[in-house]
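Peer 1: Below is one structure. I have some questions about it.
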Amino acid sequence: MKTGQEFDDFVRARSPALLRTAYALAGDHGHAEDMLQTALLRTARHWPAARDAPEAYARQVLVNLCRDRWRWLRRRPRETSLADHAGPATVLDGPAEQVGRQMSIIAALAGLPASQRQVIVLRFLEDLSVADTASLLGISPGTVKSHAARALRSLRITLTDNHVASGRSTPEVFDAH
């Protein structure tokens, strides 16, 4: 399959952003990498159709792959972890604290229902409009807004509870404006 330099340039330029999107959707780095590879392969296969808006095409493939994965996971027996790992009890400064906050946000995102997580990722991580998010997910703009409101409320509660339990201040990421 020959796609040419234009596809190669697209992959080099947009793969990191698409990987972040895949990770936010899947909640697992390994699955995100697999989803991105599959999305890029499908984009390459349909390059004549995808050439006009390759990032949108690849993003749609990622959303579809994520939905397929969730359907597959619902059919499997539930997995249980052997041990719960508690985070550090000390308050960290600088880059380590930022990584801790990011991990808290990722864990909170993973706790959201799939439809709410998709809306949050597309609206706030990908910075898509309500209309674009609705079109991409095949739902109404009102549903996008209600999913976003419910998800943000849930994230605020989860992140506030996590930070209070760990002795840290409330994150400013989801403070009401």
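Peer 1: Going by what's in this entry, would residue 27 be described as on the phi > 0 side of the Ramachandran plot, of a type outside the set (A, V, I, L, M) and modelled with pLDDT under 90?
Peer 2: Spelling it out, residue 27 is indeed on the phi > 0 side of the Ramachandran plot, of a type outside the set (A, V, I, L, M) and modelled with pLDDT under 90.
Peer 1: In this structure, does residue 163 turn out to be in a helix (DSSP H, G or I) and modelled with pLDDT under 65?
Peer 2: yes
Peer 1: Can you find a residue that is part of a helix (DSSP H, G or I), more than 13 Å from the chain's Cα centre (by Cα) and over 19 Å from residue 133 (Cα atoms) anywhere in region 52-65?
Peer 2: no
Peer 1: Name the residues in region 1-49 that are basic (Lys, Arg) and either in contact (Cβ under 8 Å) with a residue 12 or more places away in the chain or buried (at least 20 other Cβ atoms within 10 Å of the Cβ) (or both), would you?
Peer 2: 14, 20, 42, 45
Peer 1: Oh, and also: Could you please let me know if residue 92 is at pLDDT below 90 and under 20 Å from residue 70 (Cβ atoms)?
Peer 2: Spelling it out, it is not the case that residue 92 is at pLDDT below 90 and under 20 Å from residue 70 (Cβ atoms).
Peer 1: Let me ask you something else. Specify which of the listed residues (119, 61) is modelled with pLDDT of 80 or more, in the same structural domain as residue 27 (by TED's automatic domain parsing), crowded, with 17+ Cβ neighbours inside 10 Å and of a type in the set (Val, Ile, Thr). Spell out how you get there, then give the answer.
Peer 2: Working: 119 fails: in the same structural domain as residue 27 (by TED's automatic domain parsing).
Just one listed residue meets the conditions, 61.
The values are calculated or read from the model by the stated rules, or taken from the named source; none is laboratory data. All of these numbers come straight from a predicted model, not from anything done at the bench. Because the Cβ atoms are built from the backbone with ideal geometry, glycine has one as well, and the counts that use them run over all protein chains shown.
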